[in-house]
1. Step through the table entries Lys56/Lys212; Lys96/Lys166; Lys96/Lys224, compare each Cα-Cα distance with 30 Å, and write down the pairs that go over it.
2. May I ask you to compute the full-extension gain from Thr149 to Ser113, defined as 0.36 nm times their residue separation minus their alpha-carbon distance, rounded to one decimal in nm?
3. Using the reciprocal of the averaged 1/r over all distinct C-alpha pairs, how large is the Kirkwood radius of segment 68-132 in Å?
4. Let's test the formula: R0 of 45 Å, r as the Cβ-Cβ distance of Leu225 and Gln4. What FRET efficiency results, to the nearest 0.05?
5. Treating cross-link reach as a plain straight distance, find the aspartates and glutamates whose alpha-carbon is under 19 Å from the alpha-carbon of Lys131, omitting any fewer than eight places away in the same chain.
6. Give me the number: length gained by fully extending Lys128 to Ser105, i.e. 0.36 nm times residue separation minus the C-alpha to C-alpha distance, one decimal in nm.
7. Counting only protein heavy atoms and a 1.4 Å probe, tell me what percentage of segment 1-127's accessible area is made up of carbon and sulfur.
8. What Kirkwood radius, in Å to one decimal, follows from the Cα pairs of segment 110-227?
Amino acid sequence: TTTQTIRYGLSHTYLQQQKYDLAYNILYNELLPSLQEDEKMNVYTQIITSICIPTKQYDMAFEYIDIVLASSNDDNNITIRSIKADLYYRIGKIEKSYHEYKSMSVSQNTNPSITATIYYKLGKICIKLHKLDEAKLYIQKELRITIQTFGPISNDVSRIYHDLAKLEEMHYNNLQQALYYYEKAYQIEVSLRKSFFHNDKDRYEELVLQCKETKQCQGNLHYKLGNFERALEISIETAEGDDDDE
């Protein structure tokens, strides 16, 4: 109705102004009673993400999350369960966050971006819990889905190769494998850099810096491996720049 639209608009304005109490009053006290059950769940979710979490009212957030889950016909409500898992992580309950994400079922029908995000979060959490082999498994799953979704040349794929390289370097001390992943990332970044040369100078300059940072990571690994000449060559290449993309 028109009244509901006005209330939504006013609550949005209050949220932009960070007037959380006023926004909450409109959403909870004025809007919720007039809505159908499925619409109420959307408002509860908005209250959780836009009011409870920014104002660190975590107990209230968990209370409303449980209301939404109890009212949902979807036992695997990934959106609200992801919010719950992230909230556990935020307050330091890493094991609970891990188990919440692990219990989510993903299938071929799940949005690939959502599936990739779940694997990304699980990889990050597993590293925190020192479940390194499991972390690697989830990062590799994220990589496969991301390549299938966006193709092999994308910034997301480059970022995942960086994550794998850091895991190999910092947690397995497998420097050769880390070098391999950094090289995969670098080749993607060079391709992206060239593609943006003529049509987006800002993005191009970002990728120039990204390529240099990746080369520096490679140089550091060569130095650790005792390949001092190659480390020096990379240092010179990075200083002079190799971005002749015309």
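1. Working: Lys56/Lys212 39 Å; Lys96/Lys166 25 Å; Lys96/Lys224 37 Å.
From Lys56/Lys212; Lys96/Lys166; Lys96/Lys224, over 30 Å: Lys56/Lys212; Lys96/Lys224.
2. Numbers: separation 36, 0.36 × 36 = 12.96 nm, distance 0.78 nm.
Once the chain is fully extended between Thr149 and Ser113, it gains 12.2 nm.
3. Values: mean 1/r = 0.0821 Å⁻¹.
It works out to 12.2 Å.
4. On the way: r = 64 Å, r/R0 = 1.42.
Once rounded, the FRET efficiency stands at 0.10.
5. Candidates past the 8-residue exclusion: Asp86, Glu95, Glu100, Glu142, Asp163, Glu168, Glu169.
6. Separation in residues times 0.36 nm, less the Cα-Cα distance, equals 6.1 nm.
7. On the way: 3300 of 7120 Å².
For segment 1-127, the apolar C and S fraction of the accessible surface comes to 46 percent.
8. On the way: mean 1/r = 0.0672 Å⁻¹.
Its Kirkwood hydrodynamic radius stands at 14.9 Å.
The values are calculated or read from the model by the stated rules, or taken from the named source; none is laboratory data. Note that the structure is a prediction, hence the values are computed from the model and not measured. Note that each Cβ is placed from the backbone with ideal geometry, even for glycine, and that neighbours are counted across all protein chains shown. Please note that ligands, DNA and RNA were not included when accessible areas were found on the heavy atoms of the full protein model with its side chains. Shrake-Rupley method; radii C 1.70, N 1.55, O 1.52, S 1.80 Å.
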